[in-house]
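Novice: The following block contains the structure, expressed as structure tokens.
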Amino acid sequence: MGILVTGGAGFIGSHTCIELLNDGNEIIVVDNFSNSNPESLNRVCRITGKSIKIYHLDLLDLESLEEVFLVNQIEAVIHFAGLKAVGESVQDSLKYYKNNIATTIIICELMQKYSVKNLVFSSSATVYGLPDTVPISEGFPLKAINPYGRTKLMIEEILQDLYISDNEWSITILRYFNPIGAHESGMIGEDPSGTPNNLMPYITKVAVGQLNVLNIFGNDYPTIDGTGVRDYIHVVDLAIGHVLALDKTLKSTGVKIYNLGTGKGYSVLEVVSAFESATGVKIPIKITNPRPGDAAICYADPKKAEKELNWKAKKGIIEMCEDSWRWQSRNPDGFKINEESENPRLIYSEDFLIPNN
Ligand code: WQD
């Protein structure tokens, strides 16, 4: 029986594939590579010494996706696939509603048809909007403030209604805070297309010389130094959280919701300082206007996940910075495979074997 991972070539998906394989799972990845690169899965195979079955397809392609359920014995689905840029979701909201919500409905319909009723869903702390207080626990008011966040909130509600209509479902919703860092090998990491929206990939692009200066969005917030505070969590800690969430999902029914964060907030300036200490690389900064929609402070109360999933983030901010830098400095252009290197492998419903090292 295999675990179907949608969006498995992405930043969190690829790191979770490593932990799933290391935990002895057989995994099947479906990805359209619209915001990821198959090379990340090549490297997952090299890191783990395991193979992955991969389908290069779009979740909106019902016929191709149904073939995956027909051909494979699927025990559970971990659903990462989705668009996640807040700014882009404001500019093109329909694209986000269609891509994030329609694909989730399609995957759930096929799961129901093939009696696969174990689902782990990738949600986000963005469903809390601008929190009135911190730390944030799962019972806090939900008030998404952008189309991306609203897609996550709507999907959470769809999944809860799905369980009400069919109590055989076991659904675990994971609300991520701010995932950063990379696998210790330096072989996989965050590889946003174009100019990064998020803080850490922007910092590493400055550090590697591809961007000149880090623009800090506002320094008048009611925080330790005026800059925004967030709960940065190492992507490997997050990935391990998915393995533990999967185990729990397979042993129960019902809908369970967990915040996956460290429970500690760092300001932008504190992250910059940690990065400079960890790497020895100086990051030029410039204070600019606050980014519309940004919360001043946002960090998790992770006690529920610690208690019920027996999960706790272990890696600190220095390790997150070290690992982010190792990935970026060894892969200045991310997974982009240069023309002169071997052609990116066209992958379609074939075993993704361990490539020649
Ligand atoms: C962090 C802090 C910025 C960039 C977003 C999404 C959320 C999730 C994670 C998907 C803030 C500051 C940032 C820069 C800066 N994504 N910053 N200069 O906004 O907390 O969360 O990414 O699930 O849904 O909302 O993360 O990394 O963009 O910002 O000063 O160039 O860094 O103001 O205080 P955010 P972020």
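Novice: With a cap of 10 neighbouring Cβ atoms within 10 Å, and only residues DSSP puts in a loop, list the trypsin sites (Lys or Arg not before Pro) found in segment 157-260.
Specialist: Those satisfying the criteria are Lys251.
Novice: Mind telling me which of Asn289, Asn22, Asn32 comes out most flexible in a GNM of the chain, alpha-carbon contacts under 10 Å?
Specialist: Asn289
Novice: What distance in nm separates the two pseudo spin-label positions at Val71 and Gln112, each 7 Å out from Cα along the beta-carbon direction?
Specialist: Computed distance between label sites Val71 and Gln112 equals 2.6 nm.
Novice: What relative contact order, as a whole-number percentage, does segment 102-222 give when Cα pairs under 8 Å and 6 or more residues apart are counted?
Specialist: 24 percent
Novice: Multiplying the sequence separation of Met1 and Lys307 by 0.36 nm and subtracting their Cα-Cα distance, what value in nm do you get? Walk me through the numbers before you get to the answer.
Specialist: Numbers: separation 306, 0.36 × 306 = 110.16 nm, distance 2.82 nm.
Gain on extension, Met1 to Lys307, equals 107.3 nm.
Novice: Would you mind checking Lys117/Lys251; Lys53/Lys84; Lys152/Lys314; Lys205/Lys336; Lys98/Lys152; Lys248/Lys307 for any pair whose Cα atoms are more than 20 angstrom apart?
Specialist: Beyond 20 Å: Lys53/Lys84; Lys152/Lys314.
Novice: How would you classify the chain from its alpha-carbon gyration tensor, with a ≥ b ≥ c the square roots of the eigenvalues: rounded for a/c under 1.5, else prolate if a/b is greater than b/c, otherwise oblate? The partial results should precede the final answer.
Specialist: Numbers: a/c = 1.66, a/b = 1.21, b/c = 1.38.
Judged from the Cα gyration tensor, the chain comes out oblate (a/c at least 1.5, b/c at or above a/b).
Novice: If you place +1 on the Cβ of every Lys and Arg and -1 on the Cβ of every Asp and Glu, how big does the dipole about the Cα centre of the chain come out, in debye to the nearest 20? Please list the in-between numbers first.
Specialist: On the way: 32 positive and 44 negative charges, 152 e Å.
Around 720 debye, computed over the chain.
Novice: What is the distance, in nm, between label points placed 7 Å from the Cα along the Cα-to-Cβ direction at Glu276 and at Ser51?
Specialist: 5.0 nm
Novice: Separate question: Counting heavy atoms of the protein chains only and a 1.4 Å probe, report the per residue accessible area for segment 1-135 as a whole number of Å².
Specialist: 37 Å²
Novice: Could you list which residues have their amide H under 5 Å from that of Ile28, counting only those 5 or more apart in sequence or on another chain, with H placed in the peptide plane?
Specialist: Amide H to amide H, under 5 Å and 5 or more residues apart or across chains, Ile28 pairs with Ile3, Leu4, Val5.
Novice: Given the options His56, His234, His242, state which has the largest fluctuation in a GNM of the chain using a 10 Å cut-off (strictly under) for Cα springs.
Specialist: Comparing His56, His234, His242 in a Gaussian network model of the chain, the most mobile one is His56.
Novice: If you don't mind, another one. Would you kindly state how much longer the chain becomes between Asp132 and Asp61 on full extension, computed as 0.36 nm times their sequence separation minus their alpha carbon distance, in nm to one decimal?
Specialist: Numbers: separation 71, 0.36 × 71 = 25.56 nm, distance 4.09 nm.
Result: 21.5 nm gained on full extension.
Novice: Same structure, new question: How high is the relative contact order of the chain? Use alpha-carbon pairs under 8 Å, at least six apart in sequence, and give a whole percent. Show your work: numbers first, answer last.
Specialist: Numbers: 728 pairs, mean separation 80.5, N = 357.
Computed value for the chain: 23 percent relative contact order.
Novice: Once you place label points 7 Å from the Cα toward the Cβ at Arg291 and Lys95, how far apart are they in nm?
Specialist: 1.7 nm
Novice: If exposed GluC sites (Glu not before Pro) are those in a DSSP loop with at most 13 other Cβ within 10 Å, what is the longest stretch of the chain that has none?
Specialist: 169-338
Novice: Which one of Thr279, Ile317, Pro290 is farthest out on the positive end of the charge dipole of segment 247-338, using unit charges on Cβ (Lys, Arg +1; Asp, Glu -1) and the Cα centre as origin?
Specialist: Farthest towards the positive pole: Ile317.
The values are calculated or read from the model by the stated rules, or taken from the named source; none is laboratory data. None of these values were measured; they are calculated from a predicted model. Heads up, the Cβs are rebuilt from the backbone with ideal geometry, glycines too, and the neighbour counts pull from every protein chain shown. Heads up: the accessible areas ignore ligands, DNA and RNA and are worked out on the full protein's heavy atoms, side chains in. Shrake-Rupley method; radii C 1.70, N 1.55, O 1.52, S 1.80 Å.
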